[in-house]
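The values are calculated or read from the model by the stated rules, or taken from the named source; none is laboratory data. Everything quoted here is computed from the prediction, not taken from an experiment. Cβ coordinates were reconstructed from backbone atoms using ideal geometry, including for glycine residues, and neighbour counts include every protein chain displayed. Surface areas here come from the heavy atoms of the whole protein model, side chains and all, with no ligands, DNA or RNA. Shrake-Rupley method; radii C 1.70, N 1.55, O 1.52, S 1.80 Å.
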Amino acid sequence: MKNPVAGAFRALSIFNFRVWSAGALVSNIGTWMQRVAQDWLVLTQLTHHDASAMGIVMALQFAPQLLLLPWTGFAADHLNQRKLLMVTQATMGVLALALGILTIMGNIRLWQVYVFALLFGSAAALDAPVRQTFVAELVGDDHLHNAVALNSTSFNAGRMVGPAIAGLVIAKVGTGWAFAINGISFAAVLISMSLFRVSELYPNMRARHTAGGFLEGFRYVWSRQDLRAILVMLFLIGTFGLNFPIFTSTMAVNVFHTDARGFGLLSSIMAIGTISGALLAAGRDKPKFGSLFVGSTVFGIGCTLAALAPGYWWFAAALMVIGVAALTLTNATNSMMQLTTEPAMRGRVMALRLAVALGGTPIGAPIVGWVANRFGPRWALGVGASSGFAAALVAIYVLTRRTGLNDADLAR
């Protein structure tokens, strides 16, 4: 009889993936410490609760996902992924340390945070599609969906632990030390990658070097109704729904009047939901298109409950619902797009996915920040709820026209 627990962790039977996961967990904790510290720094130390400033930071941090799209997809498909990841991870570590030193010395200014957000976002834009497609090199296609889900579990375990630690660090020794700790945490990924058994990797098929490589990837996606629909859904939710730094910080500070520890705890509580969603995904064999409808609908319901929450703990409970829904949606899109895409096209397709999911942030974050400032954080959450329900309508449209899909499994 099949053991469901063992099945949920089957990708960990591969040595290289175990080593990668250990290093990534440490780095993920540091990354979430920095995210909370950056939000707290901008909202409470460099401005007087200005959600629009946070929107600008988010816009600058995620704009490179869209602006650098032709080069990030090319790099993921053509260059040595392990070596490229080591360069991007080291670069982000140095940037985090520099931001930490400036903050600890008391010399940090808002414009400098903007510059660091743009630089960090540029490195992350190059790193993200490579890191997502590199999982296939670690485990092969047979364990890819499980490995993607476990990667999300690790990321969200960091999301649960990191913000809580960040809240304590900020309260005890200051915001700058959270940045510095994140910078040091990147060493864990670099060490883990140096320990790989290179002979046991599953090299992806490299793409041919052609001048029209980016356009070729775009045409490939546009020719697939299922991929087009996924990108539309990701754009809606990524642009207007995945603005959690604005949602949680403004609700924590302006509505519930909490300190740094209370703010950090909210992010950790949300991670309980995201980890649950990731583990549920890890136990499934293959994602279905219907799961995108469920994820989008529950996301909209969760944001609605959060907007109406009468108190701190009600809001925290709604964040768990949002976390489960967000992970169901993002994990399913990640696995579906990789498993149904030709190996030589994966880098460009995943770069498009990230550009659409995150590249809309420069549009949505300032709008959501303005709504939070002008009408209040609850109305900003209403914008997020609307994005979930709109994405669900797209899923309904595709499911009613299921005969047009390339892969019958996606429509079930």
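Between residue 142 and residue 171, the FRET efficiency from the beta-carbon distance, with R0 = 45 Å, is close to 0.45.
Over the residues of the chain, the helix contribution to mean residue ellipticity at 222 nm works out to -26000 deg cm²/dmol, using -39500 (n - 2.57) for each DSSP H run of at least 4. The value of relative contact order for the range 30-180, using C-alpha pairs under 8 Å at least six residues apart, is 43 percent. In the assembled protein chains, residue 235 presents an accessible area of approximately 80 Å² (probe radius 1.4 Å).
Over the chain, Cα pairs under 8 Å with separation of 6+ residues give a relative contact order of 29 percent. For the listed peptides 389-401, 158-170, a ranking on the average number of other beta carbons within 10 Å per residue, highest first, reads 158-170, 389-401. For the chain, the solvent-accessible area with a 1.4 angstrom probe is 40 square angstrom per residue.
Averaging over all projection directions, the Cα-based convex hull of the range 1-151 occupies 10.6 nm² in the image plane. Taking only the alpha carbons of the range 124-270, we obtain Rg and Dmax values of 19.8, 55 Å in that order.
Which distance in Å, rounded to a whole number, links the C-alpha centroids of the range 320-361 and the range 5-50? Taking the Cα centre of each part, the range 320-361 and the range 5-50 sit 18 Å apart.
The magnitude of the dipole of the range 61-141, with charges of +1 and -1 set on the Cβ of Lys/Arg and Asp/Glu and taken from the Cα centre, is near 280 debye. Projecting the Cα atoms of 196, 88, 377 onto the charge dipole of the chain, computed from C-beta unit charges around the Cα centre, puts 196 farthest toward the positive end. Two numbers describe the Cα atoms of the range 121-211: Rg and Dmax, which are 16.9, 54 Å.
Charge dipole (Cα centre; +1 on Lys/Arg Cβ, -1 on Asp/Glu Cβ; no other charges) of the range 15-111 amounts to roughly 280 debye. Charges were assigned to the Cβ only: +1 to each Lys and Arg, -1 to each Asp and Glu. The resulting dipole of the chain about its Cα centre is roughly 300 debye. In this simple spin-label model, placing a label point 7 Å from the Cα along the Cα-to-Cβ direction at both residue 401 and residue 197 gives a separation of 4.8 nm. Since only 30, 260, 110 are under comparison, the one whose Cα sits farthest along the positive direction of the charge dipole of the chain, derived from C-beta charges on Lys, Arg, Asp and Glu, is 30.
Within the accessible area of the chain, the carbon and sulfur atoms contribute 69%, probe 1.4 Å, all protein chains present.
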